[in-house]
Amino acid sequence: MNIGIIGLGLIGGSMAKSVKAHTAHTVWGSDLDAETMTLARMSGAIDAPLTAENLPQCDLILIAICPGAAIQWVQSHAAQIAKTAILVDLCGVKRVVVEALAPIAAQHGFAYIGGHPMAGRERGGFTASSDSLFSGASMILTPDKRTDMQLLETLKAFFLDIGFAGLTFSDPEEHDRIIAFTSQLAHIASSAYVKSPEAQRRRGFSAGSFKDMTRVARLDENMWTELFLDDADYLVKELDILIGHLQEYSDALKSGDAGRVRALLKEGREMKATAGGS
């Protein structure tokens, strides 16, 4: 296949590297940053830049930029996308993107499906990308009534080939509701946690728990602001739930209620056991 990748940061760069490391597909890539394009070509992550000339030859197009930019790119380039092509956006929210892109795909006759790779690192950019980033990860897809089985089989084979453990199917509403809790809330909690004055005085006093709590505070504020606002309804709901639970711990500690503290901790431990995961 000829694969076009728009955006060669952590996700797009890792997609490019994974494709070149594990398949014989041709990769054409584009990025607004000239240095990134140079690094991508020199490292062999892409075979050549994605251009107006080769865009119509793409069999699969992966969009790995922020939601607003992704929508603008498709609006600007839809007429050049082949009717036989498959377009997959890799944005971290789905409702706003799918609502905008699905009608464009229908109008121009190419296949489109929303996607979200469940993988990441605390550092972004092409230099942080890796051909092993997606190893064992889940790839979320949001098929709709226009999605046929052949398209899903093609995408399943592709994503498994580059390292994903499997596909998870969802709809945009469910995706955004759950991702508000599993990803976005964790980034906000981490960002807030590290703002304590003690964070600057903790050397020699921190271990794994501090590292776990602060890892995702090193984020791209521009990208995450857009993602948070695009999912603000579900994220605010989850944030209010967290604040309420934190208040319970604070109240129990202020009153010196050991029984209540113990009960809250036991409840959390049991909830973690029920939820599973690492």
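The values are calculated or read from the model by the stated rules, or taken from the named source; none is laboratory data. It should be emphasised that the depicted structure is a prediction, and the values quoted were computed from it without experimental measurement. Glycine gets a Cβ as well: all are built from the backbone with ideal geometry, and neighbour counts include every protein chain shown. Remember, those area values only see protein heavy atoms, side chains included, never the ligands or the DNA or RNA. Shrake-Rupley method; radii C 1.70, N 1.55, O 1.52, S 1.80 Å.
Here are a few things to note about the model shown:
- Count - residues of region 51-72 that are surrounded by 13 or more Cβ atoms within 10 Å (Cβ to Cβ) and more than 26 Å from Val98 (Cβ to Cβ): 1
- Flag if Ala48 is farther than 22 Å from Leu133 by Cβ, surrounded by fewer than 23 Cβ atoms within 10 Å (Cβ to Cβ) and touching a strand residue (DSSP E or B) at 6+ places or on another chain (Cβ under 7 Å): yes
- Among the helices (runs of 4 or more DSSP H) confined to region 218-278, the ones with at least 2 residues that are more than 30 Å from Ala128 (Cα to Cα) and under 27 Å from the mean Cα position of the chain (by Cα) are located at 232-254, 258-275.
- In the set (1) open to solvent by less than 90 Å² (accessible area, probe 1.4 Å); (2) at pLDDT below 95, Asn222 fails one condition alone, (1).
- Residue under evaluation Glu153, criteria (1) in contact (Cβ under 8 Å) with a residue 60 or more places away in the chain; (2) within 18 Å of Leu62 (Cα to Cα), criterion not met: (1)
- Test: Val93 is crowded, with 22+ Cβ neighbours inside 10 Å, more than 24 Å from Met213 (Cα to Cα) and touching a helix residue (DSSP H, G or I) at 6+ places or on another chain (Cβ under 7 Å): no
- The requirement of being at pLDDT below 95, more than 30 Å from Arg95 (Cα to Cα) and among the aliphatic types (A, V, I, L, M) is fulfilled nowhere in region 253-260; no residue meets it.
- The number of residues in region 104-127 that are open to solvent by 50 Å² or more (accessible area, probe 1.4 Å), in a loop (DSSP other than H, G, I, E, B) and either in contact with an Asp or Glu (Cβ under 7 Å, 6 or more places away or on another chain) or not charged (D, E, K, R) (or both) comes to 2.
- Looking across region 239-273, the residues that are small (Gly, Ala, Ser), surrounded by 12 or more Cβ atoms within 10 Å (Cβ to Cβ) and over 30 Å from Leu229 (Cβ atoms) come down to Ala252, Ala263.
- The single condition among (1) in contact (Cβ under 8 Å) with a residue 12 or more places away in the chain; (2) open to solvent by 20 Å² or more (accessible area, probe 1.4 Å) that Thr142 does not meet is (2).
- The condition of being of a type in the set (Val, Ile, Thr) and either in contact with a Phe, Trp or Tyr (Cβ under 9 Å, 6 or more places away or on another chain) or over 20 Å from Cys66 (Cβ atoms) (or both) holds for only one of Ile113, Ile140, that being Ile140.
- Listed by first and then second residue, the pairs with beta-carbon distance under 7 Å, at least 6 apart or on different chains, first residue in region 199-228 and without any contact (Cβ under 8 Å) to a residue 12 or more places away in the chain, second outside any loop (DSSP other than H, G, I, E, B), are Arg202/Phe210.
- A count restricted to region 128-145 and to residues that are assigned to a strand (DSSP E or B) and among the aliphatic types (A, V, I, L, M) stands at 3.
- Subset tally (residues that are open to solvent by less than 80 Å² (accessible area, probe 1.4 Å) and over 25 Å from the mean Cα position of the chain (by Cα)) for region 200-214: 3
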